[in-house]
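First comes the structure, then the notes that go with it.
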Amino acid sequence: MYPAAPILCSHRRRHGLSMAEMLISIAITSMLLSGLATAFVTSADVVEQNDQFFRATQASRVTLNQILVECRRADALQCSNTGTYNYFDVIRPEEVLDTNEVFRRYQFDAANKQITMTIHYNDNTTSPAYVMVRHVEAAEFGPPQTGKDSNNAVVVQRLPVVLTVKVGKNVVTLNGAAGPRRAMSF
């Protein structure tokens, strides 16, 4: 007997993917890439917001420090007397005054959420408002603690300063207090 003849398969062997399999794989891949892109954008937004918050808090710390140093070095302080305590004036010693300077005003600009400083001159003009810090949600300069100086005049001895900085959902409140060293009573 002869060996059996091999049976030839009438179906050809398939190579590759069918159109349906290809469409399903593209759909799954696109869903995964969309999820990855969303996660990346969200992560980038959080990093940007944290960076803005860090910069705002750092600027507010520097501003608070500058304000307190100005208060300590001042000859006198004058605070707003409207009960809102949104500004105060620093009368600096003569030896450090700029030309024609009378006083410097530190003010909370609630509309623009910033602390500004302007220099007032003896010809009733002012400098442009220098922005010290932005993203300030609230600020309060006072109420001042007063006492009497050697001439029996009522003077500011200590000025509390509170700054609240907010970027997104991040909030920090900074506070300090200082007064003119010349007005200190021992």
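The table below gives the values:
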| item | result |
| --- | --- |
| Where A59 falls short, out of the listed (1) in contact (Cβ under 8 Å) with a residue 40 or more places away in the chain; (2) surrounded by fewer than 16 Cβ atoms within 10 Å (Cβ to Cβ); (3) not charged (D, E, K, R) | (2) |
| A76, sole failed condition from (1) over 30 Å from K166 (Cβ atoms); (2) among the small types (G, A, S); (3) surrounded by fewer than 12 Cβ atoms within 10 Å (Cβ to Cβ) | (3) |
| Whichever residue in region 49-93 is of a type in the set (S, T, Y) and assigned to a helix (DSSP H, G or I) and, among such residues, is farthest from F141 (Cα to Cα) | T57 |
| Number of positions in region 101-111 that are over 17 Å from T63 (Cβ atoms) and either modelled with pLDDT under 85 or part of a loop (DSSP other than H, G, I, E, B) (or both) | 1 |
| Selection status of V62, touching a helix residue (DSSP H, G or I) at 6+ places or on another chain (Cβ under 8 Å) and of a type in the set (A, V, I, L, M) | no |
| Failed criterion for A129 (all others in (1) modelled with pLDDT of 90 or more; (2) under 30 Å from T42 (Cβ atoms) hold) | (2) |
| Among residues of region 140-168, those that are touching a residue at least 40 places away in the same chain (Cβ under 8 Å) and among the acidic types (D, E), counted | 1 |
| Failed criterion for H120 (all others in (1) touching a Lys or Arg at 6+ places or on another chain (Cβ under 7 Å); (2) within 28 Å of T173 (Cβ to Cβ) hold) | (2) |
| Filter pass, V90 being in contact (Cβ under 8 Å) with a residue 60 or more places away in the chain and surrounded by 19 or more Cβ atoms within 10 Å (Cβ to Cβ) | no |
| Members of region 71-100 found to be at pLDDT below 85 and in contact with a Cys (Cβ under 9 Å, 6 or more places away or on another chain), listed by number | Y85 |
| Any chance Y85 is among the aromatic types (F, W, Y), in contact (Cβ under 8 Å) with a residue 40 or more places away in the chain and under 26 Å from F53 (Cβ atoms) | yes |
| Matching residues in region 8-26 - criterion: being modelled with pLDDT of 85 or more and either surrounded by 10 or more Cβ atoms within 10 Å (Cβ to Cβ) or on the phi > 0 side of the Ramachandran plot (or both) | E21, M22, L23, I24, S25, I26 |
| Selection status of S43, surrounded by 10 or more Cβ atoms within 10 Å (Cβ to Cβ), touching a Leu at 6+ places or on another chain (Cβ under 9 Å) and either at pLDDT 85 or above or assigned to a loop (DSSP other than H, G, I, E, B) (or both) | no |
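Yes/no per residue for (1) among the aliphatic types (A, V, I, L, M); (2) closer than 16 Å to N81 by Cβ:
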{"position": "F108", "(1), (2)": "no, yes"}
{"position": "Q114", "(1), (2)": "no, no"}
{"position": "Y121", "(1), (2)": "no, no"}
{"position": "N151", "(1), (2)": "no, no"}
{"position": "V167", "(1), (2)": "yes, no"}
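The values are calculated or read from the model by the stated rules, or taken from the named source; none is laboratory data. Note that the structure is predicted; figures quoted are calculated from it, not measured. Quick reminder, even Gly has a Cβ in these numbers, built from the backbone with ideal geometry, and neighbours come from all protein chains shown.
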